[in-house]
Structure formats: structure tokens, C-alpha cells
């Protein structure tokens, strides 16, 4: 796997296990935001009618596409190389958005795990943009780190009538 692709790690497997245990219904449309290796996209393709995998790194998008094709799921998965949800029409909504974004507080290291000086810049952007793309009953699951300013994320969610389940 190339060094510009976030390899499946403990956090990836944690989110994957959580989804396997908690998503029991068939999802009409889902998004893997920051798809990286595509491990979450593959899971979503098995529980969703349509999946959109998004990553800012072209290499990651190619890798995800290769995994999707190997598993013969390319008929139900679309992949877009863009920054967050910037290429998605404002009226497009999804039932489920999952993300394992960079979340560590650092600036000089790799974009694969650094989320800015407070550790929330990237996750907060993902959350804010996702709010506008969820159906009325839609949910988002995102991996966050206690090293980041989770209080600010909580305030943003509550201000917009969302809540956190930890």
C-alpha cells in the first residue's frame, strides 16, 4: 500500500466492528468520507444499495476502486476524488455517513493522521459539511480522539440540534 493511503489500523477496525454490530438495517445510500484504503467502503457496499466513497488523495481513490472491483461491487459504488463533500450537490442527502478522518493534534506530520493544531480541524469540517447531506433520519459515525478539543465539536453539534453518542 502506498504511503499516501491510510492503511487499516486499530481505529479503522474499531469503527468497522461498531458498524457491524450496530447497523442492522439495509441502507439506501451511504458515504465513506475519507475512504483511504476502502475498508469501510467495502463494508458499506454490503449493507447499502448505493455507496459513495470520497477521498482527497487520488491514489487512495484508485486503491479503493481496485478493492471494490476485486469484490465485484463496482455496480453499486461510486468514487469521487475531492475535498470533503465539496463536489456533492447541496440537495444530495444520504442515510449514513461514516468517517475515520485524521484526528491527531499536529500540523507538520502527514495528512493521513494530522488534523491541525487542535486535532479537530478536519473532523469538524467533515461534521459540518455532513450535517447538510444527511436525510432526516440519517446518521453519521466518525472516529474522534480525546486529545482533540471535543468540547468544540460537541458545542457545534448541539448548536445544530445534533447529539453525540459515545
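Taken together, the values in this text are just the output of simple stated rules run on the coordinates, not laboratory data. None of the values given here were measured: they were computed from a predicted structure. Cβ sites come from the backbone with ideal geometry, for glycine too, and all protein chains shown count toward neighbours.
Relative contact order of the chain, taken over Cα pairs closer than 8 Å and 6 or more residues apart, is 19 percent. Counting neighbouring Cβ atoms within 10 Å and putting the fewest first, the residues 13, 163 line up as 163, 13. Residue ranges 117-125, 49-57, 144-152 sort as 49-57, 117-125, 144-152 when ordered by packing (mean number of other C-beta atoms within 10 Å per residue, highest first). Let me make sure I get this right: for the range 1-70, a, b and c are the square roots of the gyration tensor eigenvalues over alpha carbons, sorted descending. Under 1.5 in a/c it's rounded, otherwise prolate if a/b > b/c, else oblate. Which is it? It comes out oblate by the Cα gyration axes.
Between the labelled values (i) 9.1; (ii) 8.4; (iii) 11.0, the entry that holds mean projected area of the Cα convex hull in nm² as derived from this structure is (i). Over the residues of the chain, the helix contribution to mean residue ellipticity at 222 nm works out to -10500 deg cm²/dmol, using -39500 (n - 2.57) for each DSSP H run of at least 4.
Share of antiparallel DSSP beta bridges in the chain, in percent to the nearest 5? Percentage antiparallel, nearest 5: 5.
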